[in-house]
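For reference, the structure discussed in these notes is given below.
The values are calculated or read from the model by the stated rules, or taken from the named source; none is laboratory data. Because the structure is predicted, anything quoted here is derived from the model rather than measured. Quick reminder, even Gly has a Cβ in these numbers, built from the backbone with ideal geometry, and neighbours come from all protein chains shown. Remember, those area values only see protein heavy atoms, side chains included, never the ligands or the DNA or RNA. Shrake-Rupley method; radii C 1.70, N 1.55, O 1.52, S 1.80 Å.
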Amino acid sequence: MCGIIGYIGFRKASEIILKGLKKLEYRGYDSAGIATIDSNIKIIKEAGKIEEIDKIKNFTSLQGNIGIGHTRWATHGGVNAENAHPHTDSQGKISLVHNGIIENFEELKKQLENKGHLFKSQTDTEIIAHLIEEELKNSKDFLEAFNRAIFKLSGSWSVVCIYEKENAIFLSRNGPPLIIGIGKGEMFCASDVPAVLEYTKEVIFLEDGDIAVLKKDSYEIF
């Protein structure tokens, strides 16, 4: 079990996400991380509890109005900075967080390694970012690549993803809970409602098989 959160809007994303992660820490406390888009993707992550990491790394030094965060209970790979979320693709242009277990990750990882992909962690999550990167080569847009990558997964997941060329957050749910919080000029997503209650009480619970796209003024669910 892990806690995940995402934000897009007019506020400083890292501040919103840090507050939310503290409310989700009951879902995992081995490591934590935040990624934001500020011209490109920037990430702070480390093993340890959120407060401890924040004192050393200063999560709110991350700029930008789009971001994602994660607090982890380790399932694949040891408790270290490399295995902490968010994870990225080869070029660091895609970043995502994940709750759940990808059952066919070893098979997918071998396929990606055969295509030249190199991995930094021992997690099942990292392969999702690389899979999207690979699908992007033959897709008309990022949403199509995201959808095609998700379609290849087996197991359980809630995935929250950002791409440095898109002012949007991409979501997928198959098992673990994932909610959308609807604000005015801002949108939220999280593993659990308390993470966003300070900002909105209007929430939607995604269902298994849903893919969603959040923009600051709108959302779509497929």
Failed item in (1) touching an Asp or Glu at 6+ places or on another chain (Cβ under 8 Å); (2) open to solvent by less than 50 Å² (accessible area, probe 1.4 Å); (3) more than 13 Å from GLY6 (Cβ to Cβ); (4) of a type outside the set (S, T, N, Q), with VAL203 passing the rest: (1)
Some residue of the stretch 25-44 being among the basic types (Lys, Arg), crowded, with 18+ Cβ neighbours inside 10 Å, at pLDDT 95 or above and closer than 16 Å to ALA84 by Cβ: yes
Criterion: among the basic types (Lys, Arg), open to solvent by 40 Å² or more (accessible area, probe 1.4 Å) and free of Cβ contacts under 8 Å to residues at least 40 places away in the same chain - qualifying residue of LYS115, LYS165: LYS115
Close pairs (6 angstrom Cβ cut-off, 6 or more residues apart or separate chains): over 12 Å from ILE169 (Cα atoms) in the stretch 186-198, open to solvent by 10 Å² or more (accessible area, probe 1.4 Å) and part of a strand (DSSP E or B) anywhere: VAL193/VAL203
First in the stretch 207-222 and among the hydrophobic types (A, V, I, L, M, F, W, C), second anywhere and part of a loop (DSSP other than H, G, I, E, B), Cβ under 6 Å, 6 or more apart: ILE211/PHE222; VAL213/ALA168; ILE221/ASP210
Condition check for GLY116: of a type in the set (Gly, Ala, Ser), modelled with pLDDT of 90 or more and within 14 Å of the chain's Cα centre (by Cα): no
Filter pass, THR60 being modelled with pLDDT of 95 or more, open to solvent by 10 Å² or more (accessible area, probe 1.4 Å) and either hydroxyl-bearing (Ser, Thr, Tyr) or under 15 Å from LEU21 (Cα atoms) (or both): yes
Count of residues meeting criterion [farther than 23 Å from THR88 by Cβ and modelled with pLDDT under 95] in the stretch 2-18: 0
Members of the stretch 14-62 that are polar (S, T, N, Q) and over 17 Å from the mean Cα position of the chain (by Cα): SER39, ASN58, THR60, SER61
Close pairs from the stretch 144-157: first in contact (Cβ under 8 Å) with a residue 24 or more places away in the chain and open to solvent by 20 Å² or more (accessible area, probe 1.4 Å), partner in a loop (DSSP other than H, G, I, E, B) and among the polar types (S, T, N, Q), Cβ under 6 Å, at least 6 apart: SER154/ASN104
LEU171, sole failed condition from (1) open to solvent by less than 10 Å² (accessible area, probe 1.4 Å); (2) farther than 26 Å from GLY92 by Cβ: (2)
Residue list for the stretch 64-91, filter: more than 17 Å from the chain's Cα centre (by Cα) and at pLDDT 95 or above: none
The stretch 181-222, residues that are closer than 24 Å to LYS152 by Cα and within 16 Å of the chain's Cα centre (by Cα): CYS189, ALA190, SER191, LEU206, ASP210, ILE211, ALA212, VAL213, LEU214
